[in-house]
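Single-structure report; data block below.
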Amino acid sequence: MGESTARKLGEAALEAGISLSLHAPYFINLANPDPDSLKKTTGYILASCRAADWMGARRVVIHTGALMKRSRREALDIAKVSMAEVLRIWEGEGYSHIALCPETMGKINQLGDLTEVLELCQTDGRLIPCVDFGHLYARTLGALTGPAACEAILDEMEAALGPERAGQFHSHFSQIEFTPNGGEKCHRTFADNGGFGPDPAPLMAAVARRGWSPTFICESAGTQEQDALTMKALYRGAL
Ligand SMILES: [Zn+2]
């Protein structure tokens, strides 16, 4: 996105009372130890921060990466080293007012289950987790839905980051179709009648009860604004 488009978008959003966040390119891979790959990853993240700055967005979501046939532990340790380097350059270039948000991923062979993303965020107090509830549901093959699962997810975040930081989390929500081997297959909508999850209601209730103020980005397949309003109504109802 060019500067003038980004600035126009930012002005329109400000006028409409909408806060913006930005999703960095999908091919970022923090778990690749190759120096050239890290250079590219850092470049994509800085370019994303620059565009976010133009449009007044204060959060940039980044994917954690692929396992590349390594163990989850090895991949996460590499990602932590990469993240430290990214943060060093991010701060040096003057972007520390734009928070980086590592995202939980939907495919099982991707790095980034909840525990991994929280461990990554624990390396620096300025990182904000982007918890994608549809992804968590897909990679656990439908286990993470319902009131108990929501409480467990939020409890784990609070234990890892403390209540204040956990309460400001960034988030994606959509109902997701998954396959038994891979996890995430595709995003669905609240109107789809395939029994897709997760259910937004218990999550909205749990967040309201805790008095947290996360940012939810609705990622339904084509009905983002309708389903976002449904989630807003559920949250307001729970309040
Ligand atoms: Zn994403």
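Coordinate-derived values only; no laboratory data. Just so you know, these numbers come straight off a predicted model, no measurement behind them. Positions of Cβ are backbone-derived with ideal geometry, glycine not excepted, and every protein chain shown enters the neighbour counts.
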| request: Take every Cα pair under 8 Å in the chain that's 6+ residues apart, average their separations, divide by the length, and report that relative contact order as a whole percent. | output: 14
| Which of the trypsin sites (Lys or Arg not before Pro) across region 60-163 are loop residues per DSSP, with 15 or fewer other Cβ within 10 Å? | Lys69, Arg126
| remark: A correct fewest-to-most ranking of Cys130, Cys218 by other Cβ atoms within 10 Å would be Cys218, Cys130
| Length-normalised contact order for region 115-218 - Cα pairs under 8 Å, 6+ apart - percent | 33
| said: Can you list, by residue number, the Cys in the chain that have no neighbouring cysteine C-beta under 4.7 Å? | reply: Cys49, Cys121, Cys150, Cys186, Cys218
| task | Let me know the whole percent of all Cα-Cα pairs from region 143-225 that are separated by more than 22 Å. | result | 29
| message | Using Cβ counts within 10 Å as a stand-in for footprinting exposure, how do Cys49, Cys186 rank, fewest first? | response | Cys186, Cys49
| Net +/- balance of residues flanking Ile108 in space, Cβ distance below 13 Å, scoring K and R +1, D and E -1 | +1
| aspartates and glutamates within cross-link reach of Lys107: Cα-Cα under 17 Å, excluding same-chain residues under 8 positions apart? | Glu116, Asp132, Glu177, Glu184, Glu219
| task | For n ≥ 4 DSSP H runs only, could you compute -39500 (n - 2.57) per run for the chain, divide by its residues and tell me the 222 nm figure to the nearest 500? | result | -15500 deg cm²/dmol
| note | If every Lys and Arg gets +1 and every Asp and Glu gets -1 at its Cβ, then about the Cα centre region 128-239 yields a dipole, in debye to the nearest 20, of 160
| remark: Among Phe133, Leu76, Ala148, the residue whose Cα sits farthest towards the positive end of the charge dipole of region 66-165, when +1 is placed on the Cβ of each Lys and Arg and -1 on the Cβ of each Asp and Glu, is Leu76
| said: How would Tyr137, Tyr26 line up from fewest to most surrounding beta-carbon atoms within 10 angstrom? | reply: Tyr26, Tyr137
| message | With unit charges on the beta carbons (Lys and Arg positive, Asp and Glu negative) and the dipole taken about the Cα centre of region 96-239, which residue among Asn193, Leu100, Thr230 sits farthest to the positive side? | response | Thr230
